[in-house]
Every structure is written in structure tokens, then in C-alpha cells.
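Student: Would you mind keeping the following structure in view while I ask a few things?
The numbers here are math on the coordinates, done by the rules we state, and not lab data. On a predicted model such as this, the values are computed, not experimentally measured, just so you know. Heads up, the Cβs are rebuilt from the backbone with ideal geometry, glycines too, and the neighbour counts pull from every protein chain shown.
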Amino acid sequence: MTRPFYVTTPIYYVNDVPHLGHAYTTIVADALARFHHMCGDDARFLTGTDEHGQKIVEAAEKRGLTPQALTDQVAPRFREAWIDLGMRFDDAEATHGFARDFIRTTEARHKRVVQGLWKRILEKNPQDLYLATYEGWYCVGCEAFYTDSQLKKNAADESVCPVHERPVSWVAKETSYFFKLSAYGDALAAHIERHPHFIQPEQYRNEVLGFLRGGLRDLSVSRTSFTWGIPVPDDARHPGEAGKHVMYVWFDALTNYLSALGDPFAPAGEAGAPDVTRYWKSVVHVIGKDILRFHAVYWPAFLLSAGLPLPRTILCHGWWAIGGRKISKSIPATRVSAVTLAGDLAGASSVPATGIDAVRYFLLRETPLGNDGDLIYESLIERYNADLANDLGNLINRSLTMLVKYGAGGVGTRDAALAGTGAHANLARVAAEAVRDARMALDGFQPSRALEAVWRLVREANTYIAATEPWSLAKDPAKQPELEHVLHTLAAALWWTRLLVAPVLPATAAALDGWLGANVAERDARWPSEDAFGTDLPALAPRQSTPLFPRIDDKRSAVLLDKWLPKEVVAAPEPSPAAPTPPAPIAATITYDDFAKLDLRVGHVLAAEAVPKAKKLLKLTVDLGEGRHRTIVAGIAEAFQPAALLGRRVLVVANLAPREMRGVTSEGMILAAGDDAILALGTVDADAPPGTRVK
């Protein structure tokens, strides 16, 4: 029997429009669902919209609409955006081979389960829901209360929300139901300690444990100041409160993950919820770090109180910024539509949907999941040209051209003796490692690392073409058997590339499938076995490809940047020419033996953050391929923002003695250019594996 795999996105609030941050979360979840389906798992995907609460009431009033009318207008925008980004919700079983669902919190199926959860808590632990009065600072954007110590101050000395940085409002005393959150701190901490996979990546697990150690306050879970929400079921203990309360929007919204599976609280004799039984223990909630507390503290506490199992994993990612500016509703320049971006990137592609793939690839490849990401448009174009146009597009075009030209419509014949030698063996080894490493990375929720592994195969296949020179083999009839094997090997490389890119680049996979003549539907495609390279080809009938990722030249790049970059940003004037500062004198001569004492390695920057009270220092988490990560303190904070360093491959002095700097132990040194001011980092211009020796 196949393993269930259930992945969810947050349900998005309908007073917003779908932007890059929403798209990132949804694409991550979609790629994971596609991957698990390809591995033979029973995959299920859920997204939707959150449609209750005070924010909706206020937004509807501004537009002269009822809350229901507003939500009916806005909710379809999210569904349509995800369809535009390569996801389908109609006829899901036939289209993808796994179930997709889009839920709205105004649906009857959802309201029934939310009220059922409330009743279940009252039945099992009635002391967990009690009436009291509340007053405090409230952020409408977060739908959450904050203490004085949690708030920030703005330039006008107003108290502002720590997430939205907008003024909070004081809510006068109001009677509401409270949930006894304080009773669940120890149980939650114990669960997190016993289940390291419960919150990932690790930095967010530590953040939640720190929050729990600070003690939990009981949580107000109903409102009487507005009526747009799910009514609290009548409570025999407080008959005078009947009809006055609607549920706190987070109690309502979080329950969508259950209600999409059916009604686990259905009375005996009625249809139950077999999908809850099957899928719930495998659920992975993909969320942004701004809603970590709601998912990792509130939601598990509600479930514990109701006697229900906890989710398998809460997978938390960082925020996306646009050129260093966090995405915000209040700054139009940072509200980037992934759909619009995809349309711009499609350009002259023969398969316009690959513009969507380009966006999906950049978002999942550029930043390791868990870190904050920054959409720098120049970097987007550079990665598009280098990875998609040069590496992948070039491999597809060259390989198919040679298969058609030299293979006479076939894919050659594999020669078992040749397969174990030279370039043939190298490609087979890299292909097997790519399959293994990409699978492990996706199983471990590391899509960036998975794509790194896949691109090792893509680049090695390009190297293989240069090493074997099929055009030269074709000139010598005596070398026809070798040519046949080379063609077969290229077909195998394309077939595995088609399979490995499918979770992230579905349109590319479909186009490549068609050009290979494989005719394998998406629902039938399976992740390859690492020991089957060259022996698992379906019947193929290659044909010539057309441009998939046309290179973005300087002229088109200028047009795109002019369109994308916010017009209110004015470039700083060029500095006046000045006499160059003479370089520092060359140090005294050393011997080669002195130099050989340095162990220089390629390091992959996984995380970066400022060192408190040290304006020049950044704390970097660096992978040197050792099986553990090093902490390195570097004096480069005045030259680089932390987000600009993520994913960079830097040169590291790996054998420098550890040194304590501002309370942090530094285990190496990053090489940089500059004397008093840092001008550049020592980097490598290729994706050399972490730990590669530099000589």
C-alpha cells in the first residue's frame, strides 16, 4: 500500500492579492507533492483562502460591499494565480495523479468541522474554554494581541506591530472565551524534543522552544465586537452568552487543514472522515516564519486539547524581499506578481509555460528553504541565462539535434562494455548520484539542494558531449557502435533530466517528454532508480526541439529591468573621478611551505545574520562538506547585507584556529578584498561542491 503524503499551504487572507511571497509557499508545497507522487506515494495538496475576521469587515465597508460579496470577488484570484503557475484543481486525479483541493473558510464543510472542534474541546477538557474579560494592544493585520514588550516604536514614537510595523489599536475590555494555552507549554516542548522533525528547519524549532520556555499566556479565542465569523456553539454553562460570540479567526483558519479531509466529529452512524484517518499523521504544513507561533504553538495546543494527533511537520521558510525591501501591501513596488514575472520571462520561448518554470526554478534554487530570500532582478536574469538557457536549454537542443541527425529517429544501442569506461562511466556515476542526492534533499525539504544535484547531471551531460564528440564519431563508419552507445547515453541523460526536473519545472518536463516521443503522462512519471541509468528507457522517438529558454541578451535585459525596477528609485549619481588609492605594500616573501600550511576550501553560505552590538561583524553558517556546519564571524557587515550572502560560494581558510569574537566562536576566515573597506569577497564562479580544496 502506498504511503500517504499530505502537504498544505497557509490559507491566504483575501484582503490581499497574490504576490511573490504567497507564490513561493505554494510552489514549495506543489513541488513536494509532485515529487512524492513520482515516488509512488499517495500525495494530497491543499491551499485556499481565509475569509473571516475584522480585516474583512473593514475592507468590505471601504468598498461598500458585504463581507461575503468581497470574499466571493477576491478568493478566485488566488485559485486562478495558482492555476497560472502550473497547478490544477479540476479533474485532479486524471491530470496529476494526486488530489488537489482549494478550500474557503466560508464553505459549509469547513464551518461544520470548526464548530465540531470547539465542541470536542468542551467535551474532553471543558476547563480549557472559559469566559473572561480582555484588553490589550491588537494588530488587525496579524489578528493577534501583543504585550508592551513585544511591540516596537516607530519614528513618531507610536507602538507598532513587530511584524507589520503598523500602529496597533487598544482594545477596551471585552468579554470573550479564552483557551487555556498555558496548560500545554510543557506538553508541546516535550513533543518537540521527542520529534526533531516536527518543526523544520532547526532554527525555527529552537525559536519555538525558546518561546515556550518563556511561559504561555491563555489565548482569547472569541470576539463580540463584530459578527463576520463562525458562531461559537451554544454553551450550557453560559446561556446568557448564546449568539454573542464568533470564533477567533486563527481558531477558525487553522482548522481548514482538517476540514478539507472530512468531518472527524461526525455523529455515530453518519459518514465519518476516512481521509482524516489516512492522511492526517502525514501532514506537512508549509508556512512563512511570520505565522510560526500560530502553527507551532496555538494549533498543536488546540489539537492536544481535543485529543487529536499532531501534524507530522511544520515546515517554515523565511521572508522574500524585493531588492532588499520586504514585500508589503503598503509599498506597491514590492508587491510583485509571480504570474506577471513569468509572462515577462517567457519572451520568445516556443513553450510559454516555461516562463512559469523559470520563476519556479529561481525561487526554489536561489535560497535554501528556511532562509530569507531577496529577488534581485539582475540575479534572476543571470541565473536564467546560466542555468536554464546555457545549461539546460543547451543540453536539450544539442542532444536532440544529434539524436535526430545521427540516430535516424532512434536512440542508438547501449554497449555494456563501453558503459563502464571513461566519460561514459563518469556520466552514469554523476547521474546516479544526482538521483540519490536529489531524492534525499526533497525528502528532507531542501529543494535548493535538490536542484543543485540535478544540475550536476545537466552539466556533466554537457561535458559528456564535448568529451565524446558524436559529430566526429559520425564521420568514421568503424566507430558506429561507439556512436550508437553515445546516442543511447544522451537519450538516457535527457530522460532522467525530464524526470528529475518535473517536480519544479513541470512545463519543461512535459515539453522534453514530447520531444523525446516518450508520451508518458505526468500522472504516470516515476522517480528513477539510481542503478538504472541507461537501462530504464521507455520507447522513444526523438524529434527536433524548439527554443525553450531563449537567452536574455543585453537589449532585452535592459527592457525587462526598466519594467521591473520601481520608478521611484533614482540611481545615485556617479562619483566624481578621483585619484585611485595606492594599494598596500606587498608583504614580505614567504616560501611555498609557508603557503602550504593554509587549507583553503570552498564554503557554501547557508545562513547569515548580524552580530549584536558589532556593526562590522556578520555571523555566517557555512557548509565545508564536513557533515556539519561551521560558524564563521566575518568583518564584512558594512559591505554586505546578510541576505546578499545566502547561497554564495566563498573562499575559506579552513584550518585557522578557533577564535572568540563578541561571544561567538569563529571557526575559520572568509577571504575578502579591501584594506580599510571591504570591496569584494573571494568567491568561485562555478557551483564547486562545498569543501573543494583551493590551490
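Student: Please compare each pair in 173/244; 289/619; 55/281; 124/173 to a cut-off of 23 Å on the Cα-Cα distance and tell me which ones are over it.
Tutor: Those over the limit are 55/281; 124/173.
Student: Figure the gain on full extension for residue 596 and residue 565 (residue separation times 0.36 nm, minus the Cα-Cα span) and round it to one decimal in nm.
Tutor: 6.5 nm
Student: Enter the angle in degrees (range 0 to 90, nearest 10) between the Cα long axis of helix 354-366 and the first principal axis of the Cα atoms of the chain, meaning the one along which they spread out most.
Tutor: Once rounded, one gets 80 degrees.
Student: Largest first, please: the extent of the C-alpha atoms of the stretch 387-571 along each principal axis, to the nearest Å.
Tutor: 65, 40, 31
Student: Quickly work out the residue 68-to-residue 173 label distance, labels modelled 7 Å from Cα along the C-beta direction, and quote it in nm with one decimal.
Tutor: The modelled label-to-label distance comes out at 3.6 nm.
Student: Expressed as an acute angle from 0 to 90° and rounded to the nearest 10, what is the orientation of the C-alpha long axis of helix 67-84 relative to the principal long axis of the chain?
Tutor: The two axes meet at around 10 degrees.
Student: Find the relative contact order for the chain and round it to a whole percent, using C-alpha pairs within less than 8 Å whose residues are 6+ positions apart.
Tutor: Relative CO of the chain lands at 12 percent.
Student: Something else now. Can you return the aspartates and glutamates within cross-link range of residue 616? Criterion is Cα-Cα under 20 Å, with same-chain partners fewer than 8 residues away left out.
Tutor: Counting by Cα, and skipping residues close in sequence, residue 616 has these aspartates and glutamates nearby: 638, 660, 667, 675, 676.
Student: How much length is gained on full extension from residue 277 to residue 190, taking 0.36 nm per residue of separation minus their Cα-Cα distance?
Tutor: Gain on stretching residue 277 to residue 190: 28.9 nm.
Student: Say R0 is 35 Å: what FRET efficiency, to the nearest 0.05, do residue 463 and residue 344 get from their beta-carbon distance?
Tutor: About 0.65, to the nearest 0.05.
Student: If you put +1 on each Lys and Arg Cβ and -1 on each Asp and Glu Cβ, how big is the dipole of the chain around its Cα centre, in Debye rounded to 20?
Tutor: Its charge dipole is roughly 420 debye.
Student: Same structure again: Projected onto the charge dipole of the stretch 387-571 (+1 at Lys/Arg Cβ, -1 at Asp/Glu Cβ, origin at the Cα centre), which of 461, 517, 529 gives the Cα projection farthest towards the positive end?
Tutor: Looking along the dipole axis, the top candidate is 517.
Student: Right, another one. Could you name the lysines whose alpha carbon sits less than 28 Å from that of residue 479, not counting residues in the same chain fewer than 8 places away?
Tutor: 405
Student: Helix-only mean residue ellipticity at 222 nm, the chain, DSSP H runs n ≥ 4 weighted -39,500 (n - 2.57), per residue, nearest 500. What is it?
Tutor: Result for the chain: -11500 deg cm²/dmol, rounded to the nearest 500.
Student: Okay, moving on. Based on the Cβ-Cβ distance from residue 614 to residue 107, what FRET efficiency comes out when R0 is 41 Å, to the nearest 0.05?
Tutor: 0.20
Student: As a test, work out the antiparallel percent of DSSP beta bridges whose residues both lie in the chain, rounded to the nearest 5.
Tutor: In the chain, approximately 65 percent of DSSP beta bridges are antiparallel ones.
Student: Where Rh is the Kirkwood radius over the Cα pairs of the chain, the temperature 10 °C and the viscosity 1.306 mPa s, what D in µm²/s does Stokes-Einstein return?
Tutor: In µm²/s, the coefficient rounds to 57.
Student: Also, quick follow-up: Reachable lysines from residue 563, Cα under 21 Å, same-chain residues fewer than 8 places away excluded?
Tutor: Once the sequence-local lysines are set aside, what remains near residue 563 is 326, 329, 555.
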